[in-house]
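Here's the structure we're looking at; comments come further down.
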Amino acid sequence: MATSDVKLLGAWPSPFALRVHIALNIKSIDYECLEENLLAKSQLLLQSNPVHKKIPVLIHHDKPICESLAIVQYIDEAWSSAPSILPSDPYDRAVARFWAAYIDDKWFPWLNGVANAQGAEAKKAALDQVREGLVVLEEAFGKCSKGKDFFSGDRIGYVDIALGCFLRWVYVAEKRNDVKLLVEDKMPGLAAWANKFCEDGAVKDVMPDKDELLEFANMILEARAKLNASSNN
Amino acid sequence: MADEIILLDFWPSMFGMKVRIALAEKGLKYEYRDEDLFNKGPLLLEMNPIHKKIPVLIHNGKPICESQIIVQYIDEVWKDKSPLLPSDPYHRAQARFWADYIDKKLHLLGQRLWRTKGEEQEANKEYIECLKLLEGELGDKPYFGGENFGFVDVNLMPYFSWLYVFEIAANFSIEAECPKLITWAKRCMEKESVSTSLPDRQKLYDFFLQLKKWHGIE
């Protein structure tokens, strides 16, 4: 298949775009990556995702697919040869979708909330909440993995991708706040899983560099703080 | 072996309605249990310990939570009758996209219609714009699913049972703004799976008045 048949509109710091990179790699799909400048969105992005104007967008045979988890499921269905990303059993699929929804609707907003929390007390509460979410996910990992390396078993799958894409941002939150979130003695399963996930062949070349992401996060969060300070005057 | 299906639900819930419609579309027999959300039963707390919310489908003792996930599960298990998601991956992705839009955007805007005082005009306008976008997606098709009632139709219809309530509460009408959606809603209501799954409008409105009181909104 020609490279230009599959295009990914993404942005290197985005965990949501990372999900799509990983899914494409799992299926060994050749694709063209178009890096978006989120402060000056391209015409292609605005045309491809007129509703949300957000990345990631997968463009396959000139047809756009939006929303990272919908894209991952699309990739799994359109390239249906192994390896599979979602399980084949409908009940297991429902469980995988449940945890991906928990990550997106509950846990990620908590992680995002850390940066927005103002003052030491609010920060601590936000960080505690992220950790509590990870304890829930530790239990989920135990049940889903059944002693294997990943949520999906022997190979990375849907929930691994849904959560793993945030690992670098967890690192950023840890460094910026001088705390540990992925605490090994409280979450041994997830701690081991995190290392294996980052080393996986479909992940390691597309995971953003830790220090580069930290520098990027510092830059945007400091710019945002300055903006808030000046608008409060 | 006969399937044992239990639905833990709450009759005014839009999310519960989606599951009822999906079960009816597949012609499935199930036990309906209305939960008291102020006094949640042990079965609900056991079956959905993470969110403690309805709807929960219990199929042969195993729980499935989150309405969109439940509807997809129903569609995949009972795949031989009335398929809800299209077979083509691209159209499936589009259906998931719009279902997500309905659950996130439309739902949020609907809540703003009656929960925020002083922003009514803005809230009404945004809600209608959201509906117009959906109307654009419907186009001239009889259903969002095309010739057949499908996943997006299942997801949107419950909002229309609440729309009657919102129109009175927020004092606006979508008839002039979204005529195609009104026609679509009437077409959907002609289906038995839909009309038997949605609550009586007046009963819903009375419930809404109670809900407002409970939230301290006049």
| query | Say the cut-off is 25 Å between C-alpha atoms; which of B:Lys53/B:Lys141; A:Lys148/A:Lys186; A:Lys106/B:Lys104; B:Lys81/B:Lys191; B:Lys26/B:Lys62 go over it? | reply | B:Lys53/B:Lys141
| task | Please give the net charge around A:Asp185, taking every other residue with its beta carbon less than 14 angstrom from that of A:Asp185, where Lys and Arg add +1 and Asp and Glu add -1. | result | +1
| query | For the protein assembly as shown, max minus min Cα coordinate along each principal axis, in Å, sorted largest first? | reply | 64, 59, 49
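Nearest 500 deg cm²/dmol is fine: what mean residue ellipticity at 222 nm does chain B get from its DSSP H runs of n ≥ 4 alone, each adding -39,500 (n - 2.57), divided by its residue count?
Details: 10 runs with 120 residues, N = 218.
It comes out at -17000 deg cm²/dmol, rounded to the nearest 500.
Sorting check: for A:217-229, B:149-161, A:132-144, which peptide has the highest mean count of neighbouring beta carbons within 10 Å, and how do the rest follow?
B:149-161, A:132-144, A:217-229
What percent do you get for the relative contact order of the range A:1-130 when only Cα pairs under 8 Å and 6+ apart count? Write down the numbers at each step before the final one.
Details: 141 pairs, mean separation 27.7, N = 130.
Worked out over the range A:1-130, it gives 21 percent.
Work through the residues other than A:Ile26 whose Cβ is under 14 Å from its Cβ and net out their charges, Lys, Arg +1 and Asp, Glu -1.
Counting the neighbours of A:Ile26, the net charge comes to -3.
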| message | Report the Cα centroid-to-centroid distance between the range B:42-83 and the range A:1-48 in angstrom, as an integer. | response | 33 Å
| query | Which ³J(HN,Hα) values in Hz, rounded to whole numbers, follow from the phi angles of the range A:53-62 under the Karplus curve 6.51 cos²θ - 1.76 cosθ + 1.60, where θ = phi - 60° and Gly and Pro get x? | reply | 6, 10, 9, x, 10, 9, 10, 10, 6, 6
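If you place +1 on the Cβ of every Lys and Arg, -1 on the Cβ of every Asp and Glu, and leave all else neutral, what size is the dipole of chain B about its Cα centre, to the nearest 20 Debye?
Taking the Cα centre of chain B as origin, the dipole is about 260 debye.
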| task | Write out the GluC sites (Glu not before Pro) in the range B:134-165 meeting two conditions: DSSP loop, and at most 14 other Cβ atoms within 10 Å of their Cβ. | result | B:Glu147
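Would you compute, from DSSP H runs of 4+ residues alone, the mean residue ellipticity of chain A at 222 nm, taking -39500 (n - 2.57) per run and dividing by the full residue count, rounded to the nearest 500? Kindly include the intermediate steps, with their values, before the conclusion.
Values: 10 runs with 129 residues, N = 233.
After summing the helix terms and dividing by residue count, I get -17500 deg cm²/dmol.
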| request: May I ask which residue of B:Pro89, B:Ile6, B:Ala22 lies farthest towards the positive end of the charge dipole of the range B:1-135, with charges of +1 (Lys, Arg) and -1 (Asp, Glu) on Cβ and the Cα centre as origin? | output: B:Pro89
| Rounded if a/c is under 1.5, else prolate if a/b is larger than b/c, else oblate: which is chain B, with a ≥ b ≥ c the root eigenvalues of its Cα gyration tensor? | oblate
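Would you tell me the mean number of C-beta atoms belonging to other protein chains that fall within 10 Å of each C-beta in A:87-99, as a whole number?
5
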| request: Mind giving me the nanometre distance, one decimal, between the label points for B:Ser82 and A:Asp178, set 7 Å out from Cα along Cα→Cβ? | output: 6.1 nm
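Show me the ranking of peptides A:35-46, B:174-185, B:91-102 by mean Cβ neighbours inside 10 Å, starting with the highest. Kindly include the intermediate steps, with their values, before the conclusion.
On the way: A:35-46: 12.5, B:174-185: 15.8, B:91-102: 21.8.
So the order, starting with the most tightly packed, is B:91-102, B:174-185, A:35-46.
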| field | Mean Cβ neighbour count within 10 Å, used as a protection proxy, ranking B:74-83, A:149-158, A:120-129 highest first | value | A:149-158, B:74-83, A:120-129
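What is the magnitude of the charge dipole of the range B:157-218 about its Cα centre, with +1 placed on the Cβ of each Lys and Arg, -1 on the Cβ of each Asp and Glu, and no other charges, expressed in debye to the nearest 20? The partial results should precede the final answer.
Values: 8 positive and 8 negative charges, 23 e Å.
The dipole magnitude comes to about 120 debye.
How much net charge surrounds A:Leu38 when only the other residues with a Cβ under 15 Å from the Cβ of A:Leu38 are counted, with Lys and Arg +1 and Asp and Glu -1?
Its environment carries a net charge of +2.
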| Label-point separation (nm) for A:Lys226 and B:Ile168, each offset 7 Å from Cα along Cα-to-Cβ? | 5.5 nm
| task | Let me have the relative contact order for the range A:65-143, percent, based on Cα pairs under 8 Å that are six or more residues apart. | result | 17 percent
| field | Peptide-level mean, for B:87-100, of C-beta atoms on other protein chains within 10 Å | value | 5
| query | How big is the gap, in Å, between the Cα center of the range A:147-192 and the Cα center of the range A:59-120? | reply | 16 Å
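Within 10 Å of each Cβ of A:58-68, how many other protein chain Cβ atoms are there on average?
Averaged over the peptide's residues, the number is 3.
What does the C-alpha gyration tensor say about the overall shape of the range A:103-233? Classify as rounded when a/c is under 1.5, otherwise prolate if a/b is larger than b/c, or oblate. Could the numbers behind the result be given before it?
On the way: a/c = 2.54, a/b = 1.71, b/c = 1.48.
Prolate shape, in that a/c is at least 1.5 and a/b is the bigger ratio.
Read-outs throughout are calculated quantities, based only on the coordinates presented, and are distinct from any laboratory measurement. From a predicted model like this one, the values you see are computed outputs, not experimental measurements. A quick note on method: Cβ atoms are made from the backbone with ideal geometry, for glycine too, and the neighbour counts reach across all protein chains shown.
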